[in-house]
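See structure below.
The values are calculated or read from the model by the stated rules, or taken from the named source; none is laboratory data. All values reported here derive from a predicted model rather than from experimental measurement. Cβ: placed from backbone, ideal geometry, glycine included. Neighbour counts: every protein chain shown.
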Amino acid sequence: DNQTVLVTLKDGVLGVTLNRPDKLNSFNVDMHLALRAALQRAHDEADIRAVLLTGAGRAFSAGQDLGDRDPRKMTEKPDLGETLETYYNPTLRLIRSLEKPVIAAVNGVAAGAGANIAFACDIVFAAKSAKFIQAFSKIGLIPDAGGSWSLTRALGEPRAKALAMTAEPLIAEKAEDWGLIWKAVEDEKLMEEASGLATRLAGGPTKGLGLTKRLIQAASEHDLSTHLDMERDCQREAGRTDDYAEGVTAFLEKRAPVFKGK
Ligand code: T3D
């Protein structure tokens, strides 16, 4: 079976596994399209309330499949702007615009666009043996898949520049210390922890979580006053959900809430 992305749906969690382990889950056109279809499905189906993204084998993803970029087999120089626009950028936009939690379980090395796709996710767990590599500078490229944006926001210019220019591997525990990911966990606990949280969030107040994502992503674009207006509007929406009524009722009845995601 040569599916480049494996998809499961359980307890409201869409499990998405990048599946080209022999190539360290590097991206070819098939894998791009399959990942995009899975993310689009998460947008379209109300019973999907969280996404869990991981990789098969020993890597999360080694970024672009460089076998598909062999200059010795090309007659012209490639237009990589076009490939970003056609393949990487739609995926990045789908992850960021999905108003449901997207959790990454980084099971091994995440290099190039592979690292930056992980950083685009909402909550990133990484196995302690995993490392993140901004491999681009080794081959003369710039950090793409949102990396020059997400690294700078999370780390500030000094660390973002050094990671990008040196391509030095960043180990999972340091990525956690630096605030680039949520948690580095023991390798054997990775999937248990990440899927445990995905399942918990999939049973959460999906609308409220989605509005929370929207607000936090917009925060750095706004001044406080503009953002207070946005919080007002989002809270108005959250306050009208069935889940809010359920949350307060459950609190008053001293029981656990049962959220329906609307
Ligand atoms: O082109 C565009 O559309 C623009 C977009 C660009 C986005 C990008 O992501 S550019 C960056 C591309 N990625 C890289 O430059 C990373 C290349 N890979 C590595 O540096 C290393 O493989 C790793 C640090 C990720 C892992 O090292 P290691 O020593 O654990 O494994 P390895 O032996 O290097 O790799 C194992 C196999 O996977 C090997 O194949 P083989 O020899 O066993 O048949 C290797 O060639 C293959 N592999 C690893 N990464 C890629 C790859 N094959 C194709 N493309 C790869 N990116």
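Determine if segment 209-221 includes at least one residue that is acidic (Asp, Glu), loosely packed, with under 14 Cβ neighbours inside 10 Å and assigned to a helix (DSSP H, G or I).
no
At pLDDT 95 or above and in contact with a Cys (Cβ under 7 Å, 6 or more places away or on another chain): which single residue out of LEU211, LEU224, LEU201 fits that description? Step through it out loud before you land on a result.
Values: LEU224 fails: in contact with a Cys (Cβ under 7 Å, 6 or more places away or on another chain); LEU201 fails: in contact with a Cys (Cβ under 7 Å, 6 or more places away or on another chain).
Step by step, each of LEU211, LEU224, LEU201 is checked, and only LEU211 is at pLDDT 95 or above and in contact with a Cys (Cβ under 7 Å, 6 or more places away or on another chain).
Just to be sure before I move on: is GLU193 closer than 25 Å to LYS128 by Cβ, in the same structural domain as LEU92 (by TED's automatic domain parsing), assigned to a helix (DSSP H, G or I) and free of Cβ contacts under 8 Å to residues at least 60 places away in the same chain in the structure I sent?
The answer is no for GLU193.
Run down ALA104, ALA145, ALA110 and say which single residue is within 14 Å of the chain's Cα centre (by Cα), in a strand (DSSP E or B) and over 30 Å from PHE259 (Cα atoms).
Numbers: ALA104 fails: over 30 Å from PHE259 (Cα atoms); ALA145 fails: in a strand (DSSP E or B).
Testing whether each residue is within 14 Å of the chain's Cα centre (by Cα), in a strand (DSSP E or B) and over 30 Å from PHE259 (Cα atoms) leaves just ALA110.
Answer yes or no as to whether GLY179 is more than 9 Å from the ligand (Cβ to nearest atom), modelled with pLDDT of 95 or more, assigned by TED's automatic domain parsing to the domain that holds LEU52 and among the small types (Gly, Ala, Ser).
Working: more than 9 Å from the ligand (Cβ to nearest atom): yes; modelled with pLDDT of 95 or more: yes; assigned by TED's automatic domain parsing to the domain that holds LEU52: yes; among the small types (Gly, Ala, Ser): yes.
Yes; evaluated as a whole, the condition is true for this residue.
Give THR86, THR75 a once-over and let me know the one that is among the β-branched types (Val, Ile, Thr), away from the ligand (no atom under 12 Å from the Cβ) and more than 18 Å from the chain's Cα centre (by Cα).
THR75
Quick one: count up the residues across segment 129-166 that are within 15 Å of the ligand (Cβ to nearest atom) and exposed (fewer than 14 other Cβ atoms within 10 Å of the Cβ).
Step one: of segment 129-166, the residues within 15 Å of the ligand (Cβ to nearest atom) are 129-151, 163-166.
After this cut, where a residue has to be exposed (fewer than 14 other Cβ atoms within 10 Å of the Cβ) as well, the list is 138-140, 142, 165-166.
Going through segment 129-166 one residue at a time, the tally reaches 6.
Being part of a strand (DSSP E or B) and either over 17 Å from LYS174 (Cα atoms) or in contact with a Leu (Cβ under 7 Å, 6 or more places away or on another chain) (or both) is the filter here, so list the residues in segment 124-142 that pass it.
Here is the first cut: in segment 124-142, the ones part of a strand (DSSP E or B) are 124-127, 131-133.
Of everything in segment 124-142, those that are part of a strand (DSSP E or B) and either over 17 Å from LYS174 (Cα atoms) or in contact with a Leu (Cβ under 7 Å, 6 or more places away or on another chain) (or both) turn out to be PHE125, ALA127, LYS131, PHE132.
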